[in-house]
Every structure is written in structure tokens, then in C-alpha cells.
Amino acid sequence: MIQKFLSRLKISAFVFTVCTSLLSISATAQESIFQLENGMNVILKESHSSAMITSMVFVRSGSKYESEYENGITHFLEHLLFDGTANKSREEIDGSIRDLGGYINAFTRKDITAYLVLLPKQYIDFGMTTQIDMLFNSTIPLEELPKERKVVIEEINRDKDSPGYAAENFFIKNAFAGTDYNRPVLGYKAFIENISRDAIVNYYKKYYRPENMTLFVIGDFDSEQMKEKIKQTFGSVILPKPKVINTPDTSAVIQTEKPEYQPISGQVMYDTVANVQSTYIDFSIEAPIYSDSDYIPLDLLCMYYSMDDISPLMNALKGGAEPLATEASIGLSMYADFSRISLSVVTDKAENKDAIIDVVKNFFKTVGTHQADIEALNGIKISEKTSNIYLAEKLHYLGFMTGPTVMTAGYEFVETYSEKLSNTTWDRAVEAATRYLSNPNYIATSVRPASENEKKFIPYEMTEETIKSFFDTAVFAYYNLDSGLVLTYPTTEAVSFQLTDNSIYHHEKFDNGMTLIIKSNPSSRVFAMNVIGKNRSTNEPSDKAGITDFINRLLEKGTATRNASELSRDLSKIGANVTLYDNPWIPYDDRYTSRSFSFMKLETIDDFAEKGFHLFSDMVLLPSFESSEVENVRRSMLGVIGRNAVSPKKLANKLFYETLCSKEYAKPIMGTSETISSITVDDLKKQHDRYYAPDNMIISIVTNKPIDEVRSWVYQRFGRLAPTNAEYFTPKRAEPIFETKAVHKELDKEQIQIYIGSTLPGANHKDAAAIKIATSILSTRLYLNLREKQGLAYSVGAGTQFENNFGIAYSVIGTQAENYQKAVDGILLEIDKLKLDGPTAAELNKAKNQTWGRLMSVKLSSINQAYYLAWMTFLVVR
């Protein structure tokens, strides 16, 4: 089942289903479901792949439960619960968890708010106690309100600067009119500026009650012991009925009975123009509620029609010599009282709008006549099961995906979903589609770019003052902090040894120059493989920037032995997840994307390990570069490049690297419109053969298979390849700078994005670890002082990026234009204070624990372990 937690999620050429059923095929999964005497529901799920536990509390509280006049109060309250309790200060809530190597966060959606901690298992008692304190003892301090208002308003401004915001806003307002889901989660600036503390407290007391919550605990524990622990902690919370404080703005909090849901009747299309770069066409189609027997068959049908290269709908929209669309998706979304099929299309050619609508309408007419590819259909069912295994390793991600569905449809739905999907036939799916899609009831919207004259008359935007923004990318003097810490790195010697968790680590370099790392993981069923191509940007021709990203996007579009649809089908049959490039529709996953190297990642399960390895090897070594697929990928890339060109975050990052680094290294990862337009099929083939040669690759694998067996697979496919002996380039060492450089770029956006940074020594320098820890301390200070105390930004922090022979330190903040000087001065002040005074002993210990905790968190899954094994080898062994 596709979890709709992101809008317009691009569906790749293989099946990628984020599933909401629990581990239905794992023989070792232990689950326990019960209710505490105070009414709180509890779900326990054992997962022993890592010594970590996550505790997530889901509250039935979101924009769905708000009125028009309090829109945003739920999300605002979520922020305020981190600002202090009767027992802990704001700093103690966040810092105490991170000091133990843990992670604490929260998120708000339309119908739930969730609070999570992720900790080493020996500290989970403390984490749960902190959650209880936040959820039931928050003081909502009056003095914190001005700061938190600023932070939330910055978050609203950042959201409005996203490329598809205007189209998404228009669609939601029209498609969900008359329902509780037509309000934005973040709310509006005018309300956030004026809501009173009394109104917030009333809302808090009404919804933050044990009987309105579900606790989901996943990780390395014994269920019976955990059950007793939860009874003693969460079970001890007994709250009196809330007393309402009568204030002028609390009437909205005490809601009256909502009218009964009215299904969509008929077919309505709304058209408008907006300040967007692409044209967005969205359909919201009435569908059966989750409890209806047609729901799962329709879900299966939507998954099938979302498959690139197999779905006739996707082929009609994105296939052919002149594709109509750059992006398209279809999926079924559940809500408490109804369901909708969402069909979304993005095109960079506004003139294609009518043709796209015709394709969609033809899909409705013919949906009952298509005969599905049975192997692809079975692949969807297998993928649903294997995705559960991948998610189970990531603990809190499993909670993210399953928790919301449990809150809406109940645990029984989640528990039985996988089996019901497996038993659903295509004929049954077509039967359901005939009822709901052959003559569908829908609301659709079309949003195209506005001309300069039309921008003056955009009707649905909020009438808040538009800020004419600009970027400031400043590069400041190099700084070096030595806290006396030393990192130890792996060597180039071929080694095999047993780790403390009983796993085996194997590292060797073949005669052709390729490096192989294998780590056994006996407690996991996942087979994870990562391939790194070294020194991405510096090994691209100067006039072909982005060619590596171009190649990676084509790897899923066919091999010498399979066309794109056959490859997609075969990947789905083994439930494989393949990641080859940054997905522009998923925020924050670009941390794996680097100018330093390219990556290719495969996940499957142990049953399909050998088959998956050989299929993935074909993709890496034998791409077809079929000309029509090349043109389709080129159009998609040009669309993303165009949208990034008006993104404050993306453009500021680009300017920062261009100002600080050599032109060879600073080339944009996706290239430019000019370079991508100029690349030929012959260019792609030549660069592939040169760049993905054995002497320029690192392969890392994490598996429960015997190491000797897996090594033999790798040697057969990669170890016998002849080296190219080509000249490979490494990045030039970035020299320290002793003068300020600044770059400004004006954009018509709500926020400005500021980067401040400098060059550093490389990863093998004796001070590298000290710099890493110092930057962590700086990031914490920036967060506490610029966000938590001054409310200048929703997002602010500092980081480092290390190459073998140089590094980069940066601080970044997104804020309103009027805050520019204050933000720059604040960042520089914290840098100077750290340089002159150094960190305190407490800060140093916290930073080390936080770094340790982050490493444990990111390495929860086998695929991330494989990624970091290859990355660290690349970083320190050349």
C-alpha cells in the first residue's frame, strides 16, 4: 500500500511501495497490542537488528480537528511542547536525549501529531520519561511564544518558496472543499501572529490525553518486560477532565459537531495561473473507504498503473519521442471518512495541458479493458512484503509509515493488509475500477505559469506582503579548532575479522583495482549492495557537467538483455528497491548525493540475493542507452534543473560551491540546461565505460549470506573486468582564504538563504575529527541562539564536508530578507566565540555523544551500512 506522506512522489521504473502492513513474512517478529487502563493504546514490535529502540506517540490532533479560525494551532503547539515542562527546560528536553546518542523530534499532519525518541536501548526508560513530561506536563511558557511565532512563520515562508506550493495549495482548497482536510497543516501567518496562550492551552488540554493517543514502541527489547515498563510509566498518567478558560478566541477550540461527509458528485475542473515554473494537473477521484471490500483491489490497480514502462497510463503520459509530461503518479489515499485516488501530472509545456487531460479521460474509459502483466502484478505483491523488511530495520521509519494508518484504519487493517493484497486478483481490481473509474466523480485542478501581467491578478494567494529576496553567499576566513580528538580509519590491506556483534568484515582490492567490502549481518534478512563511482565532478568533461547523473538515471531504463519494462518487471518480482539518484520530490534525502562520488544502491531480501545481485550488476555494467529513453530522461532532468533555478536553497548552495571551490569540483551535480542539452548517446556510452570501470569503483555489501559465496559472485561479474588504466582526476586542494568573498542573487521569494563557510584540511588531517566535533558544537549554538532564542529561522545549522585532501565548513540559514544582517552577524559571532573561548567540557561531551548517536541512527539499516562502508573507504583510502 502506498503511504501518501509526500505529494507527487515520483514512481521510478521499478516498483517502490511504502507499505503499511507489519512484518507479515518474518518468522521472528514479535508483536503485542494492548490498552492501558487510562485508555492509551499500545503496540509493541520487537526488532533485534540493532541495539536501538524507538518510542513514538501518535496523538489524534491535526489541522483536521481545527476550525478555520485556529488553522495552524496543532503545529504551533507541537513546537511549544519542546519549550519546557514542569521538570525540564527547553535545553534539557532536547539536549538530554542527544547527550545519550539519541534523536528526538515531532511532526504534524492533517489528522495526527507524532512525537518520537530513538535511543540506544539502555536509555529508552529516560526517553519515555521525557516524552511523558512533554506530552502531559508542558508549561507552554508565555515568554517562548514570540520566538516560536517567528520560527513557525519562517517555516511557512520556506514552504511557500517550494516550486509546487501554489499548485498544491490551489488543488487542496478545491479538491477537499467542504471536508476537514482543506486546511494547511502550518496554518497562516496572521493566525500564528495573534493566537493567545489561553487558546493554545485549551487545545492542549482537550486533545493531549491518554485516551486520544497510541504508543508505538519498536526495537531491541523483550515484549513482556517492555509491557510492564509501559504500565509503570505511560500507564501512571491519569488526567482530570479539562477546564476551559473562557477567552475571546477559544470558541474555535471547542468545536461543534461536524457535518457528515458529502462525496464528490460529478466532474469539475478548476483552472488558474500562478507563480510556478511548470504546469500542474491534479485529479482527486472519489474512492471507497478503507473498510470497503473494493479498497484493496483499487489500491492494487493504482500501484500497477503507477509503474513506469509497464503501465499504459504512464507510457501514454511519459513515453514516446515527445512525452507529454515530465512527472506523473497515481495512488490511493485513505482518510477517516472517505478515500480518494490522486492522479498528478507535471509538464514543462503548458500547451500539453489539454492533451494530458485527454489521456487521463481515456484512461477512465479503458481502465476495465487492459490485461495486466501478471509477473509485474505478482512483483507488486512481493514488493509489499519485502518493503516491510527494509522498513523494519529503520525502526522509526516503520513507525512513520504504519502509525498513521493504524490511527485511521486500526491495527487489524494493517495486520491483514499484506495477505489481502496477495489474494487480490486483477479481475477483482478491474471490477472495482469499473465501479469507481469508468465514470468517475472527481474534482480536478490545472495550474500553469502566469505571465508577468497575470502575476498581478493571481486570485488565490494569501495577501501577505511579498518579499523581494536575495541570496548572500559569503566565504569567510579559514578556522581550525583542535580538541585533541583522533579518528582511526580502515587501511588498504585485504582483511577479514569478526566484529563485536558477531558479524564478519571483509575488505580487499582486486587486481583490476576495484575495492570490495562485505559485512555479514546475521540478524537481518536484507541483502544490501552499494556501488560508488569515485570523484564524480572532477572526472566529468568541463562541457558535460551532470553526465554522471544522466547516466545513473538511465541505468533503470534498460540493459543489454532487458528493455525498460522487462527490467522493471524483474526488479518487482524480487521486491527490489533501487536508488540511483536524488528524488526531487523527497526532501532531505539528498544527503547521499555528492560532488565527490556517485552511488547506486540495491535492497532485496536473502531469498533473492543472487538473482538481485546479477540483475543489479547488469544495470551497472550493461546499460542500453536506448535513444528514446535518453530523450525522456533528458526532458525530466531539464524540468528539475528549471525548478531548482528558482529555489533559494538550491541556488544558494550552487553559488557557495562555485565561489569557494575550483571550477572542476564545483560543477553542479545535475549539470545545467546547456550541458544536459548537449550530451549525446555516444557521450553517455564513453563516459560510462570510463567512469564505471573497475579501477574507479568501490562495492560494499551487507548480507547474511556466507562471505565467500558473495565474494565469488562479485569476482565473476566485476573482478575479471579489465582495468581501463585511464587517468582519473582527484579534486584540487582548496587553499585557505584570508579575505571575504560575497555573491548576491536576487529572487522574488519569501525567504533568503545565506551560506557562510570556508575551506578546511582533509579527512586524514590530524584535526579533522576535532573540526567535526567543533562544527557540531557550532551547529547547536546556532540552533539555540538564532532559532530558539531569537526566532530568526526555522532551519539553521552548521556542517562539514571532507575530501581526502581538503574540506569545507559551512553555516546556513533561511530567513526573511529583513533579518539578513542580524543573521549574518549572529553566525559570525558564534564562530568568533568558539574560536576565542573554545567549547566547554559539557559541550564537548554532548557533541561526541550526539555524533555517536547520529552514526548509530543512520546505520540502522543494512543499505545505509553498505553506503557508509563504501563512503568511508573512499574518503580515507586512495
- Task: Consider residue 824 carefully, then state whether it is open to solvent by 10 Å² or more (accessible area, probe 1.4 Å) and touching a helix residue (DSSP H, G or I) at 6+ places or on another chain (Cβ under 6 Å).
- Result: no
- Message: Could you tell me how many of the residues in the range 75-111 are part of a helix (DSSP H, G or I) and either open to solvent by 40 Å² or more (accessible area, probe 1.4 Å) or of a type outside the set (A, V, I, L, M, F, W, C) (or both)?
- Response: 11
- Message: I'd like the full set of residues that are under 17 Å from residue 160 (Cα atoms), open to solvent by 50 Å² or more (accessible area, probe 1.4 Å), outside any helix (DSSP H, G or I) and at pLDDT 55 or above, limited to the range 437-473.
- Response: 448
- Which one of the conditions (1) open to solvent by 20 Å² or more (accessible area, probe 1.4 Å); (2) in contact (Cβ under 8 Å) with a residue 40 or more places away in the chain; (3) in a helix (DSSP H, G or I) does residue 745 fail to meet, given that it meets all the rest? (3)
- Query: Which pairs have Cβ atoms under 7 Å, sit 6 or more apart or on different chains, and link a residue in the range 556-584 that is without any contact (Cβ under 8 Å) to a residue 40 or more places away in the chain and under 21 Å from residue 381 (Cβ atoms) to one that is open to solvent by less than 20 Å² (accessible area, probe 1.4 Å) and in a helix (DSSP H, G or I)?
  - Reply: none
- Message: Yes or no: the range 688-705 includes at least one residue that is over 26 Å from residue 876 (Cβ atoms), in a loop (DSSP other than H, G, I, E, B), in contact (Cβ under 8 Å) with a residue 40 or more places away in the chain and out of contact with any strand residue (DSSP E or B) (no Cβ under 8 Å at 6 or more places or on another chain).
- Response: no
- Check whether at least one residue in the range 115-126 is among the β-branched types (Val, Ile, Thr) and open to solvent by 50 Å² or more (accessible area, probe 1.4 Å), and report yes or no. no
- Task: Give the number of residues within the range 610-666 that are touching a Pro at 6+ places or on another chain (Cβ under 7 Å) and assigned to a helix (DSSP H, G or I).
- Result: 5
- Query: Applying the selection to the range 293-324, what residues are open to solvent by less than 10 Å² (accessible area, probe 1.4 Å) and closer than 13 Å to residue 345 by Cα?
  - Reply: 306, 313, 314, 317
- Item | Single residue of the range 733-742 satisfying the filter (modelled with pLDDT under 80 and either open to solvent by less than 30 Å² (accessible area, probe 1.4 Å) or out of contact with any Gly (no Cβ under 8 Å at 6 or more places or on another chain) (or both)) that is nearest to residue 693 (Cα to Cα) | 734
- Query: Just checking, which of 804, 819 is over 26 Å from residue 159 (Cα atoms) and not small (Gly, Ala, Ser)?
  - Reply: 804
- Query: Here are 565, 572: which of them is within 26 Å of the chain's Cα centre (by Cα) and over 30 Å from residue 647 (Cβ atoms)?
  - Reply: 572
- Where residues in the range 388-436 are surrounded by fewer than 22 Cβ atoms within 10 Å (Cβ to Cβ) and of a type in the set (Asp, Glu), which of them is farthest from residue 304 (Cα to Cα)? 412
- Task: Please find, within the range 583-595, the residue that is modelled with the highest pLDDT out of those that are surrounded by fewer than 21 Cβ atoms within 10 Å (Cβ to Cβ) and either of a type in the set (Asp, Glu) or in contact with a Phe, Trp or Tyr (Cβ under 9 Å, 6 or more places away or on another chain) (or both).
- Result: 594
- Task: Give 192, 200 a once-over and let me know the one that is in contact with a Gly (Cβ under 6 Å, 6 or more places away or on another chain), open to solvent by less than 10 Å² (accessible area, probe 1.4 Å) and farther than 22 Å from residue 335 by Cβ.
- Result: 192
- For the range 828-859, the count of residues that are touching a residue at least 24 places away in the same chain (Cβ under 8 Å), of a type in the set (A, V, I, L, M) and under 27 Å from residue 596 (Cα atoms) equals 3
- Given (1) surrounded by fewer than 19 Cβ atoms within 10 Å (Cβ to Cβ); (2) touching a Lys or Arg at 6+ places or on another chain (Cβ under 6 Å); (3) modelled with pLDDT of 95 or more, index of the condition residue 358 fails: (2)
- Note on the structure: residue 724 meets each of (1) outside any loop (DSSP other than H, G, I, E, B); (2) open to solvent by less than 70 Å² (accessible area, probe 1.4 Å); (3) not aliphatic (A, V, I, L, M) with one exception, condition (1)
- Breaking point among (1) open to solvent by 10 Å² or more (accessible area, probe 1.4 Å); (2) touching a helix residue (DSSP H, G or I) at 6+ places or on another chain (Cβ under 9 Å), for residue 801: (2)
- Can you give me the number of residues within the range 766-783 that are farther than 30 Å from residue 874 by Cα and in contact with a helix residue (DSSP H, G or I) (Cβ under 7 Å, 6 or more places away or on another chain)? 2
- Item | Positions within the range 834-849 being open to solvent by 40 Å² or more (accessible area, probe 1.4 Å) and more than 24 Å from residue 93 (Cβ to Cβ), in sequence order | 835, 836, 837
- Task: Please enumerate the residues belonging to the range 36-74 that are more than 27 Å from residue 219 (Cβ to Cβ), open to solvent by 10 Å² or more (accessible area, probe 1.4 Å) and either of a type outside the set (Ser, Thr, Tyr) or in contact with a Cys (Cβ under 7 Å, 6 or more places away or on another chain) (or both).
- Result: 64, 68
- Item | Odd one out for residue 225 among (1) surrounded by fewer than 18 Cβ atoms within 10 Å (Cβ to Cβ); (2) touching a residue at least 40 places away in the same chain (Cβ under 8 Å); (3) closer than 27 Å to residue 397 by Cβ | (2)
- Message: Taking the conditions exactly as written (in contact (Cβ under 8 Å) with a residue 12 or more places away in the chain, farther than 29 Å from residue 697 by Cβ and buried (at least 22 other Cβ atoms within 10 Å of the Cβ)), does residue 774 satisfy them or not?
- Response: yes
- Message: Take residue 647 and tell me if it is hydroxyl-bearing (Ser, Thr, Tyr), open to solvent by less than 50 Å² (accessible area, probe 1.4 Å) and at pLDDT 90 or above.
- Response: no
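The values are calculated or read from the model by the stated rules, or taken from the named source; none is laboratory data. Not measured: the values here are computed from a predicted model. Note that each Cβ is placed from the backbone with ideal geometry, even for glycine, and that neighbours are counted across all protein chains shown. Accessible surface is based on the protein model in full, side chains and every heavy atom, while ligands, DNA and RNA are left aside. Shrake-Rupley method; radii C 1.70, N 1.55, O 1.52, S 1.80 Å.
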